[in-house]
1. Quick check: residue separation of TRP85 and ARG21 times 0.36 nm, minus the Cα distance between them. What number comes out in nm?
2. Obtain the nm distance between the two label points defined at LEU38 and PHE92 by a simple spin-label model: each point lies 7 Å from its Cα along the Cα-to-C-beta direction.
Amino acid sequence: PLVALLTDELGPPQFFPGSQRCTREHLYTGLGDGSCHLPHCTPQLCAGDALAFDYRIIHRGQANLSRGAARRSRPMLYLVYAKPWFTDVHNFPSDAPLFADPDAAVGGQHAASNEGGGGAGGG
């Protein structure tokens, strides 16, 4: 996290160890209303800490409880690494690209057109 998550106020992450080995149909039951019976852990993290985990583990960010003038955000840098053969059909049921049109990712212009020092002549 880019801010300290040492208390429940900002909604620290919560993990359900062992859930990566279970079937998914029943695992999400009770997560939203707090009646989930699965064992869980909530690590306390300082700003700048790195947390590595198998992203198949059921995990979530808890509610941000900061309110009013003291309301704070909880920015995080999140990186997912997976082998090319692995597909996560539960969280990402489609393998569709983020942008249907590759040009949409760079504001409608080809990234290569900005190389070479400007203009059509390249230099």
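1. 21.2 nm
2. According to this spin-label approximation, the distance is 2.0 nm.
Coordinate-derived values only; no laboratory data. All of these numbers come straight from a predicted model, not from anything done at the bench. No Cβ is skipped: glycine too gets one built from the backbone with ideal geometry, and neighbour counts run over all protein chains shown.
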